[in-house]
């Protein structure tokens, strides 16, 4: 069943000069269409400036597109009434790249993770504390640390807190916007393993936005490549991606293959999933 459907979305930002005089608009997205089925992960690849993060904001309901339609669970995100929007919003969560700016530094881990529970669930203080503790354990942290503040955690640990917050309401879809890009390779591997485990446990779906082809290949079922605000190539499965002759895909594969001898074969990329 299709969970998310993006239909011919176009979006643009106005540009201005030094004196704030409007110079015109520049298309960031142009007729973008894609879909995500329930329980699957779509990897959205592309170089910096390709429009990936803007599309993520459109999917999250944060940037109303100039044209096109975003359907989530069959409802148009930008045409639904406030009651329906609030009901569906709990099923659409996000994990950003910068784990530190994504949290309030004055809030404890308990309050950060418990924020969506406070907004949507009617739990007692003790019930919420118990749920937060379980969520921390679920993402590989100790419930004994729920009283700690963001600066007392490492980057990898803090991203786990962000993930715990994102899964607190057991949403249908999580947008992961460069969620592992700022982490070292060891923590990247651990977080990707965690995300796969959570998807299996809770039946989650992901939109995995990244420029890192190895990370995308590890976690994704299907892959889309963006270039200059458009979907240059869409592959239903990873095998199709490896066989693609599109220049954008070849460029991405080439950048991986030249990075280190161990990644200088497509076979190596395939077996590293």
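The values are calculated or read from the model by the stated rules, or taken from the named source; none is laboratory data. What you see is a predicted model; the values in this text were computed from it and never measured. FYI the Cβ positions are ideal-geometry reconstructions off the backbone, even for glycines, and counts take in every protein chain you see.
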#### Entry: the stretch 232-248, subset under 18 Å from residue 219 (Cβ atoms) and touching a helix residue (DSSP H, G or I) at 6+ places or on another chain (Cβ under 7 Å), residue surrounded by the fewest Cβ atoms within 10 Å (Cβ to Cβ)
242
### Query
Just wondering, is there one or more residues in the stretch 207-228 that are assigned to a loop (DSSP other than H, G, I, E, B), within 21 Å of residue 3 (Cβ to Cβ), touching a residue at least 40 places away in the same chain (Cβ under 8 Å) and touching a helix residue (DSSP H, G or I) at 6+ places or on another chain (Cβ under 6 Å)?
no
### Query
Of the residues in the stretch 33-56, how many are at positive phi and either in contact with a helix residue (DSSP H, G or I) (Cβ under 9 Å, 6 or more places away or on another chain) or without any contact (Cβ under 8 Å) to a residue 12 or more places away in the chain (or both)?
3
### Top-ranked residue in the stretch 203-219 [being closer than 9 Å to residue 44 by Cα and modelled with pLDDT under 95; ranked as surrounded by the fewest Cβ atoms within 10 Å (Cβ to Cβ)]
211
### Summary
Being part of a loop (DSSP other than H, G, I, E, B), more than 21 Å from residue 192 (Cα to Cα) and out of contact with any strand residue (DSSP E or B) (no Cβ under 7 Å at 6 or more places or on another chain) narrows 170, 122, 129 down to just 122
## Note on the structure
Note on residue 252: of the conditions (1) part of a loop (DSSP other than H, G, I, E, B); (2) at pLDDT below 95; (3) in contact with a strand residue (DSSP E or B) (Cβ under 8 Å, 6 or more places away or on another chain), unmet is (1)
### Task
Working only within the stretch 57-74, note down all residues that are surrounded by fewer than 15 Cβ atoms within 10 Å (Cβ to Cβ) and touching a helix residue (DSSP H, G or I) at 6+ places or on another chain (Cβ under 9 Å).
62, 64
